[in-house]
Amino acid sequence: MNQTCRAFRPMFVSFLPTSINLADFEYYQKIDGTSSYGFDACLGIIQSLHDYGWKRVNLKEFHWTWGISGGRDRGGKHETIRLLLRSLFTTHASLPALECLDIDLQSDHVWGFNLIDATILRGLPTALPSLKQLCLCHCVDHEEMVSPHELKDFFECIQTPLESLSLGDVYWMSDDHVEAFMPVVGQHLIRLELVSCMDHSDEEGNLDGDWGDPIKLTDRSASVIAQNCKKLESFSFVNSDIMAIGLQRVISNNPKITTLNLSSNYSLGDNTVDVISRFLPRLRELRNYWTRRSNWLTDDSLISLINAQEKQNGSVSLNLIGQQSSTYLTIRGLEYAIKKGVKVIETDHANRSLTAEMVAKLESEYDVRFWQAKYVHYMDGSRSRCEWTPIFWW
């Protein structure tokens with residue numbers, strides 16, 4: 001019997017999953033039709049992966065996106081899933097084939113889901129020896145500091161070159177951290193996202209529970225990124241104090257960038273679009289969310305960017321513009337871009353220059369779609385970025 005089982009093992013293994021997205025199991029019901037009270041398919045999936053190692057030998061991608069709210073129990077956490085994942089992430093070669101780890105928990109239901117801390121960072125490189133893409137957003141411990149040296153050690157221990165790194169809502173990160181780890185990982189990165197990464201620590205190095213004025217990443221981080229990253233195709237630097245000169249350093253060394261997210265960067269000046277036009281003529285996606293105090297992307301600057309692309313390329317390569325609640329970019333600039341070939345506008349009903357009638361007219365006359373961004377910030381390295389919804393007008 002054992003010999004027969006061994007003979008069929010390769011066939012069984014070939015049917016094992018290579019990708020799991022917990023969001024796919026959020027609304028599963030019990031197959032026998034009985035009461036689903038207390039039934040959690042997501043927890044069942046994680047428990048099964050944890051208990052049976054053979055089920056994870058083929059797993060190459062694991063996604064836990066905001067659609068799964070950590071189990072909407074009191075406190076916005078699902079403690080059982082958290083503990084099971086911590087066990088997997090600290091067990092040697094527990095996920096031997098996993099290349100993509102994507103945990104993006106941007107959600108009103110989730111706060112303080114302290115999954116990733118110094119202990120997990122020490123265990124991940126050996127638990128996931130094949131890791132190539134890492135996205136950690138809104139799941140990093142807000143209470144335990146990780147030093148620049150500890151973060152550098154983590155990246156030095158990763159056993160395969162990272163191609164994609166996306167970090168979001170990390171509230172102990174400073175320029176010192178970026179300067180420590182970027183020389184280790186930058187060489188092979190195709191995608192880099194540092195979204196709302198800032199330092200909330202006090203003068204004694206302890207995290208400030210009052211969440212006062214943080215110290216944001218600056219051109220120091222941009223400079224070390226420019227020095228070490230030469231292959232970037234997607235770059236997000238969000239909620240920082242980067243200036244146009246720092247942005248120029250990065251994009252001038254990475255002319256293949258086609259996706260750029262500069263949301264909530266209020267230190268960018270009027271010359272920002274000129275810099276983008278000069279160094280990224282083939283830019284396809286430009287996002288600038290939460291723009292009430294950011295005036296670098298206006299009607300005139302967008303028109304200038306569109307004209308520059310048309311002049312350099314013979315056509316407009318920009319396919320997507322993301323902006324929310326903007327008072328500087330209105331229907332005048334958006335309509336011009338649409339007429340020139342932009343296919344997708346991500347915005348919301350708070351844009352007072354748009355009405356439902358205007359949107360319907362533009363969508364009927366041109367090959368364009370208006371979508372509402374569902375997240376605090378898009379993470380290009382996360383499965384969650386595929387979720388778009390039409391604008392809801394009231």
Can you give me the number of residues within region 164-189 that are assigned to a loop (DSSP other than H, G, I, E, B) and either aromatic (Phe, Trp, Tyr) or surrounded by fewer than 18 Cβ atoms within 10 Å (Cβ to Cβ) (or both)? 1
Near pairs, Cβ below 6 angstrom, 6+ apart or cross-chain, from region 114-137 (assigned to a helix (DSSP H, G or I) and among the hydroxyl-bearing types (Ser, Thr, Tyr)) to any residue that is open to solvent by 10 Å² or more (accessible area, probe 1.4 Å) and at pLDDT 95 or above: 126/92
Among the residues of region 58-108, which ones are among the aliphatic types (A, V, I, L, M), modelled with pLDDT under 85 and within 15 Å of the chain's Cα centre (by Cα)? 105
If you scan region 248-287, which residues turn out to be closer than 19 Å to residue 228 by Cα, in a loop (DSSP other than H, G, I, E, B) and touching a helix residue (DSSP H, G or I) at 6+ places or on another chain (Cβ under 9 Å)? 253, 254, 255, 257, 280
Which residue is modelled with the highest pLDDT, if the candidates are limited to region 339-364 and must be surrounded by 19 or more Cβ atoms within 10 Å (Cβ to Cβ) and in a helix (DSSP H, G or I)? 362
Name the pairs: first residue in region 309-338 and charged (D, E, K, R), second residue surrounded by 15 or more Cβ atoms within 10 Å (Cβ to Cβ), Cβ to Cβ under 8 Å, at least 6 apart or on different chains? 310/316; 310/340; 332/299; 332/353; 335/362
Complete set of residues in region 133-170 that are among the charged types (D, E, K, R) and in contact with a helix residue (DSSP H, G or I) (Cβ under 9 Å, 6 or more places away or on another chain): 141, 144, 150, 152, 153, 156, 163
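For (1) crowded, with 19+ Cβ neighbours inside 10 Å; (2) in contact with an Asp or Glu (Cβ under 7 Å, 6 or more places away or on another chain), each residue gets a yes or a no:
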{"position": "218", "(1), (2)": "no, yes"}
{"position": "223", "(1), (2)": "no, no"}
{"position": "226", "(1), (2)": "yes, no"}
{"position": "232", "(1), (2)": "yes, no"}
{"position": "238", "(1), (2)": "yes, no"}
{"position": "246", "(1), (2)": "yes, yes"}
{"position": "252", "(1), (2)": "no, no"}
{"position": "258", "(1), (2)": "no, yes"}
{"position": "278", "(1), (2)": "no, no"}
Of those in region 253-296 that are among the acidic types (Asp, Glu) and either within 17 Å of residue 239 (Cα to Cα) or over 23 Å from the mean Cα position of the chain (by Cα) (or both), the residue modelled with the highest pLDDT is 274
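The values are calculated or read from the model by the stated rules, or taken from the named source; none is laboratory data. These figures come from a predicted structure and were not determined experimentally. A quick note on method: Cβ atoms are made from the backbone with ideal geometry, for glycine too, and the neighbour counts reach across all protein chains shown. Side chains included, ligands, DNA and RNA excluded: accessible areas come from the protein's heavy atoms. Shrake-Rupley method; radii C 1.70, N 1.55, O 1.52, S 1.80 Å.
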